[in-house]
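A.B. asks: My questions will all concern the structure given below.
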Amino acid sequence: MAPSPNEWHQTTAGRLFRYLSTYIEDAGLGRVYIAPFDVELGPKTVVQPDVMVILNANRNKITFSHVIGAPDLIVEVSSPGTVGYDREKKQRAYARAGVPEYWIADPWSRTVEVLTLVEGGYRSLGVFEGKAVLPSQVVPDFLVHVEQFFA
């Protein structure tokens, strides 16, 4: 069994969820979930992303107990013990399932990398920190400074 997430991980995931849910749900754009909530990416691939966004166009993927299919945005908060898994195994699974956008938040470096799906693989739009806002294609007017996720 994997160890529980640490305080930095939980705080960062909570802040990402809070800012995304305020932006998306208050505007009526979709739903935002925080782990643990299963996502069935395929017949034998079930994951629990730290935070996920499902826009209204894909609300049919939401069931009472889990999500079936690719969310519009997945956010993983890296820990020293999970960074390789987040950047390799999960990233490949998310790309295969067609998750359009994947963010990797790192509480230690206080950065967020934005990855977008291009021809079946992820392309990095960059690693952002401080007062930068994320160039999201899923939530394009999300004007929260990266530093606010780690304050």
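The values are calculated or read from the model by the stated rules, or taken from the named source; none is laboratory data. Note that the structure is predicted; figures quoted are calculated from it, not measured. Backbone-built Cβ (ideal geometry, glycine too); neighbour counts: all protein chains shown. These accessible areas exclude ligands, DNA and RNA; they are computed on the full protein's heavy atoms, side chains included. Shrake-Rupley method; radii C 1.70, N 1.55, O 1.52, S 1.80 Å.
A.B. asks: Of the residues in region 12-46, how many are over 12 Å from Val75 (Cα atoms) and in contact with a helix residue (DSSP H, G or I) (Cβ under 8 Å, 6 or more places away or on another chain)? Break it down into steps so the answer makes sense when it comes.
C.D. replies: In the first step, residues of region 12-46 are kept if they are over 12 Å from Val75 (Cα atoms); the result is 18-19, 21-31, 36-46.
Keeping just the survivors that are in contact with a helix residue (DSSP H, G or I) (Cβ under 8 Å, 6 or more places away or on another chain) gives 19, 28-31, 41-42, 45.
Within region 12-46, residues that are over 12 Å from Val75 (Cα atoms) and in contact with a helix residue (DSSP H, G or I) (Cβ under 8 Å, 6 or more places away or on another chain) number 8.
A.B. asks: Further question: Say we look at region 1-52 and pick out the residues that are among the small types (Gly, Ala, Ser) and more than 14 Å from the chain's Cα centre (by Cα); which of these is nearest to Ala70 (Cα to Cα)?
C.D. replies: Going through region 1-52, the residues among the small types (Gly, Ala, Ser) turn out to be 2, 4, 13-14, 21, 27-28, 30, 35, 42.
Of the ones still in play, those that are also more than 14 Å from the chain's Cα centre (by Cα) are 2, 4, 27-28, 30, 42.
Values: Ala2: 24, Ser4: 25, Ala27: 22, Gly28: 20, Gly30: 14, Gly42: 9 Å.
So the residue we want is Gly42.
A.B. asks: Taking the residues in region 49-58 that are in contact with a strand residue (DSSP E or B) (Cβ under 7 Å, 6 or more places away or on another chain) and of a type outside the set (A, V, I, L, M) as candidates, determine which candidate is surrounded by the fewest Cβ atoms within 10 Å (Cβ to Cβ). Spell out how you get there, then give the answer.
C.D. replies: Of all residues in region 49-58, those in contact with a strand residue (DSSP E or B) (Cβ under 7 Å, 6 or more places away or on another chain) come to 49-56.
Next cut, of a type outside the set (A, V, I, L, M) only: 49-50, 56.
On the way: Pro49: 27, Asp50: 26, Asn56: 12.
Out of the qualifying residues, it is Asn56.
A.B. asks: Select from region 18-40 the residues that are out of contact with any strand residue (DSSP E or B) (no Cβ under 8 Å at 6 or more places or on another chain) and either polar (S, T, N, Q) or touching a residue at least 24 places away in the same chain (Cβ under 8 Å) (or both) and list them in ascending order. Lay out the reasoning, then the answer.
C.D. replies: The initial filter retains those residues of region 18-40 that are out of contact with any strand residue (DSSP E or B) (no Cβ under 8 Å at 6 or more places or on another chain), namely 18-19, 22-23, 26-28, 36.
Listed by number, the residues that qualify are Tyr19, Thr22, Tyr23, Gly28.
A.B. asks: Name the residue that is least open to solvent (accessible area, probe 1.4 Å), counting only residues in region 24-36 that are among the hydrophobic types (A, V, I, L, M, F, W, C) and touching a Ser or Thr at 6+ places or on another chain (Cβ under 9 Å).
C.D. replies: Applying the first criterion (among the hydrophobic types (A, V, I, L, M, F, W, C)) to region 24-36 yields 24, 27, 29, 32, 34-35.
With the extra rule that they be touching a Ser or Thr at 6+ places or on another chain (Cβ under 9 Å), the set shrinks to 32, 34.
Numbers: Val32: 6, Ile34: 65 Å².
If we take residues in region 24-36 being among the hydrophobic types (A, V, I, L, M, F, W, C) and touching a Ser or Thr at 6+ places or on another chain (Cβ under 9 Å), then Val32 is least open to solvent (accessible area, probe 1.4 Å).
A.B. asks: Within region 85-120, count every residue that is under 19 Å from Gln148 (Cα atoms), among the polar types (S, T, N, Q), open to solvent by less than 30 Å² (accessible area, probe 1.4 Å) and without any contact (Cβ under 8 Å) to a residue 24 or more places away in the chain.
C.D. replies: So the answer is 0.
A.B. asks: Take region 100-120 and flag every residue that is more than 24 Å from Arg31 (Cβ to Cβ) and either over 16 Å from the mean Cα position of the chain (by Cα) or among the aliphatic types (A, V, I, L, M) (or both).
C.D. replies: Within region 100-120, Trp108, Ser109, Val118, Glu119, Gly120 qualify.
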